[in-house]
Amino acid sequence: MRTLPQAFAPYSWAPSTEELARRVELNPAQIVRFDGNVPPWPRPSARPGTIAGRLAEINAYPHGGYPELLQAIAGYAGVEPDQIVLGAGADDLILLCARAFAGPGDSVAIADSPTYPLYRVAAGLAGAEVGDSDPALTFTCRPNNPTGELGGLPAARPLVVDEAYWEYAGETAAHLLDDGVVVIRTFSKAFGLAGARIGYALADRETAAELNRRQAPLAVTTLSAQLALAGLADPPDVTPVTEERQRVERGVRALGLEPLPSWTNFLFVPVDDAAALGDTLLRSGVVVRTFAEGIRFNVRDPEDDDLLLDALARALSMPAPVAPAGARTARRLRATAETRIRVRLVLDGAGRVRVATGAGLADHLLEQLAFHAGLDVVLEGAGDLETGDHHTAEDAAIALGEALDLALGDRRGIARYGDAVVPMDDALARAAVDLGGRPWAEVSLEHESGMAAHMLGSLAQAGRLAIHVEATGVDGHHCSEAAFKAVGRALRKAVAAEAGRGLPSTKGLV
């Protein structure tokens, strides 16, 4: 086995969520990761149905490769299909370029410091040394990771430009492919497919052909290729991400810190003792990446980012620039063959609710229940809406119930019972809730719109609660809406904290 350079160090992955949770004695569900530079959720195109056809043929090779995917990438990147090299993520292509251009006795130059450490790893695996003297190859990350800055391009050739974050910056070196430049991109970041491990390189035809000769046959899976193809059919709009980054940046500045200018989906914040700050944030369940010069964290969505800002304020003993999060929280992912639903729930909330599954009335009903219960709920997902909203509505109610069950824990110290009456225009609803742990649903709606009764039954079963509700009126929509509001109002009373440690019961044990 060939000896690696003496200074070689392998790439070091961040610890698992479970390991981090053990370190600070938290439940893994309480850990929120801001250290991966990826979106908080997969995109709607990345759902089980997208890969169902490929999964049904997983026993077979994709004879002929992936011409449809190459054509789609070509259209997206503005090149020809024979200028594309596929790889298992950008990392695979970085390693490929290093071994294709450099070897023992060569130097590989790396622009900027700090920057992505895999360039140094790739040079070492190729047997080359890292240095600026007559380099056989130069790597640059643009925009740069971890600083987020958009620097100029080195004049050296051949040059590999890692554009993992180019969608956020809007600037590319792809117009220089005929000038000794290779551009590497990934589906891990803006497309939200980090787990699929798929990326691509762009080069002039001759260089692309040589790289493909040196690449592994069928370097990506049929499942990954299908996910990438589905993503390219509806490319991501990163505007909400960059706007959220700017909001978070303002919050960080309000805490007296100065993040570096960023052209990515993350911020780099110089601090004096990054390791200590990172440890303090971890004890709040917030995971950031630490460097000698500062901390780096990606933006997620407003709800999660407010958790980070609140934790950062507490770590710095500063007033929080956002409303503090409540206690008794839960996170839940429900994934089935038809749907993918994620829930974040805070029992002691303020009615900050966002439900977005695309299931129309079902989303509206769950919003009403959560709001009137005084919960903070973010419920997002994707489902097989092309066949109707049955699966999505049902799984959304189940996921919310599962999150409620998690947040309640052992249910000690709660009121347990709650009731409410809600008059609403031409409808009247009465509801009672018992959080004793025995699931039951008695639902009587004089008129029903959609799947209201079924959703309440699913919520009761998954949440281990008893729901008794009846609604009368002349309009199905109003009957359903009044019923969900009444259940929410009853739930608000039942989850309230009361003096004493037990769960109220004349039986002594529930």
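The values are calculated or read from the model by the stated rules, or taken from the named source; none is laboratory data. Fair warning: this is a prediction, and the values are worked out from it, not measured in the lab. Methodologically, a virtual Cβ is constructed for each residue, glycine included, from the backbone with ideal geometry; neighbour enumeration extends over all protein chains shown. Ligands, DNA and RNA are stripped out before the accessible areas are found, and what is left, the full protein with its side chains, is counted by its heavy atoms. Shrake-Rupley method; radii C 1.70, N 1.55, O 1.52, S 1.80 Å.
Based on the alpha-carbon gyration tensor of region 73-153 and its eigenvalue square roots a ≥ b ≥ c, which shape applies: rounded if a/c is under 1.5, prolate if not and a/b is larger than b/c, or oblate? Oblate shape, in that a/c is at least 1.5 and b/c is the bigger or equal ratio. Ranking TRP440, TRP263 by solvent-accessible area of protein heavy atoms (1.4 Å probe, all protein chains present), from largest to smallest, gives TRP440, TRP263. Between region 420-483 and region 355-371, the alpha-carbon centres lie 14 Å apart. Among beta bridges identified by DSSP and lying wholly in the chain, the antiparallel ones come to about 65 percent. Rounded if a/c is under 1.5, else prolate if a/b beats b/c, else oblate: with a ≥ b ≥ c from the C-alpha gyration tensor eigenvalues square-rooted, which is region 1-159? Oblate, because a/c is 1.5 or more while a/b does not exceed b/c.
Full extension of the chain segment joining GLU386 with LEU223 gains 56.5 nm, where the gain is 0.36 nm per residue of separation less the Cα-Cα distance. Under 5 Å from the amide H of THR186 lie the amide H atoms of TYR200, each residue being 5 or more positions distant or on a separate chain, with H modelled from the backbone and absent for Pro and chain starts.
Axis of helix 274-283 versus longest Cα principal axis of the chain: the two differ by about 30°, to the nearest ten degrees.
For the chain, the per residue solvent-accessible surface stands at 44 Å², with DNA, RNA and ligands left out and a 1.4 Å probe.
If exposed GluC sites (Glu not before Pro) are those in a DSSP loop with at most 13 other Cβ within 10 Å, what is the longest stretch of the chain that has none? By the stated rule (loop sites, at most 13 other Cβ atoms within 10 Å), 172-497.
Evaluated with a Cβ-only charge set (Lys, Arg +1; Asp, Glu -1), the chain carries a dipole of roughly 1680 debye about its Cα centre, given to the nearest 20. 3J(HN,Hα) along region 155-171, derived from phi through the Karplus expression 6.51 cos²θ - 1.76 cosθ + 1.60 where θ = phi - 60°, amounts to 7, 4, 9, x, 10, 9, 9, 7, 10, 4, 10, 5, 4, 6, 8, x, 10 Hz, with x in place of Gly and Pro. Amide H contacts for VAL353 (H built 1.01 Å from N in the peptide plane; partners 5 or more residues away or on another chain; cut-off under 5 Å): VAL377. In terms of Cα atoms, the Rg and Dmax of the chain work out to 26.4, 84 Å.
In terms of its C-alpha gyration tensor, region 365-510 comes out oblate, because a/c is 1.5 or above while a/b does not outweigh b/c.
Loop-located chymotrypsin sites (Phe, Trp or Tyr not before Pro) in region 1-73 (DSSP state other than H, G, I, E, B) with a sparse environment of at most 10 neighbouring Cβ atoms within 10 Å: TRP13.
Converting phi to 3J(HN,Hα) with the Karplus coefficients 6.51, -1.76 and 1.60 and the offset θ = phi - 60°, region 140-153 yields 9, 9, 9, x, 7, 10, x, 7, x, 7, 10, x, x, 8 Hz in sequence order, with x at every glycine or proline.
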